[in-house]
Amino acid sequence: MTAAELPIAAERNGDETIDVGGALRDSEVRSVLERLDRELVALEPVKTRIREIAALLVVDTLRRRVGLASERPSLHMSFTGNPGTGKTTVALRMAEILSGLGYIEKPQVVAVTRDDLVGQYVGHTAPKTKEVLKRAFGGVLFIDEAYYLHRPDNERDYGQEAIEILLQVMENDRDKLVVVLAGYADRMDAFFRVNPGMGSRVAHHIDFPDYGRDELVAIGELMLEQQRYALSADALTVFRQYVEQRMAMPRFANARSIRNALERARLRQANRLVDEGGTLTRADLMRIEASDLLKSRVFANGLPDDSDALPPPQATARDHYGAS
């Protein structure tokens, strides 16, 4: 059920009504959901869950407006999925929805990892964690790869102290802060099993599936369109081949890998245009040609474009990818 599909009016005191459409408009929830639809290709299960949460919050707001007091909905969330599947984008839009409806003060997302929360010596973790919380209060705290807070194999690790502080804040200050925990699904499940207090405070679990080839091609075209570029007909054919081959290679990160590939294509296009010299049209400046993609080492060597930066086997997941 989408927020727009809610009943047009709710009864109040028997005959008074409240306009749900007006509430959606005033809070800008509808515009945020529409923007999410434009920004994210596919991911229908994710969009459905966000619409359901938005509908819950809209109705809860209307109930409070007519004196139907109820406990504030639990809003802490878990986003699971591989890198580049839109978790950070959804967190940003969720912050706008929460702010528009008054559940947080500002549409702000503070994104952090273990390194931002956990200290390296006794007495260092609490100040670091509390400083992050101070910055995040009034908005959303997005903790990427949250499972790295817990390292039971290291007796001198201070991650558990950060977890205890977070648990206290998630319970006692849930009206000031919404926490989103993100990472791989299997590792998040293990994290919640060994930290049941954390799992019990998370009400909404949203899984972000990987994109298919055609969806990634559509994402790439959208990225180029937003930057006023376009693929030629031949380049589009080559790009489909690129995506299919890149998906089967190491360190593939869904939309993030597509963005990086297109950045390199833009670099090659710029060098091509400068090397060719002469005069250029507006269309020349916008068009990505097949040659700008074919020079990728994905085609030349059967390797990822960033294969020279592959981490050693002992590297952590943080080394393998950036923010979600």
Could you say which residue among 215, 276, 244 is out of contact with any Ser or Thr (no Cβ under 9 Å at 6 or more places or on another chain), farther than 20 Å from residue 42 by Cβ, of a type in the set (Asp, Glu) and open to solvent by 50 Å² or more (accessible area, probe 1.4 Å)? 276
List the residue pairs whose Cβ atoms are under 7 Å apart, where the first residue sits in the stretch 136-159 and is touching a residue at least 60 places away in the same chain (Cβ under 8 Å), the second is in a loop (DSSP other than H, G, I, E, B), and the two are 6 or more positions apart or on different chains. 144/113; 144/323; 144/324; 145/113
On the basis of being touching a residue at least 60 places away in the same chain (Cβ under 8 Å) and among the β-branched types (Val, Ile, Thr), does residue 48 make the cut? no
Looking at 42, 69, 95, 55 in this structure, which one is open to solvent by less than 40 Å² (accessible area, probe 1.4 Å), in a loop (DSSP other than H, G, I, E, B) and either of a type in the set (A, V, I, L, M) or in contact with a helix residue (DSSP H, G or I) (Cβ under 8 Å, 6 or more places away or on another chain) (or both)? 42
Of the residues that make up the stretch 90-103, is at least one over 30 Å from residue 18 (Cβ atoms) and modelled with pLDDT of 95 or more? no
Got at least one residue in the stretch 13-28 being surrounded by 13 or more Cβ atoms within 10 Å (Cβ to Cβ), at pLDDT below 90 and of a type in the set (Lys, Arg)? no
Elements of type helices (runs of 4 or more DSSP H) in the stretch 284-324, at least 3 residues being aliphatic (A, V, I, L, M) and modelled with pLDDT of 90 or more: 290-294
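The values are calculated or read from the model by the stated rules, or taken from the named source; none is laboratory data. Note that the coordinates shown come from a computational prediction; the quantities given were computed from them, not determined experimentally. We place every Cβ from the backbone using ideal geometry, glycine too, and count neighbours over all the protein chains shown. Note: areas computed on protein heavy atoms with side chains; ligands, DNA, RNA excluded. Shrake-Rupley method; radii C 1.70, N 1.55, O 1.52, S 1.80 Å.
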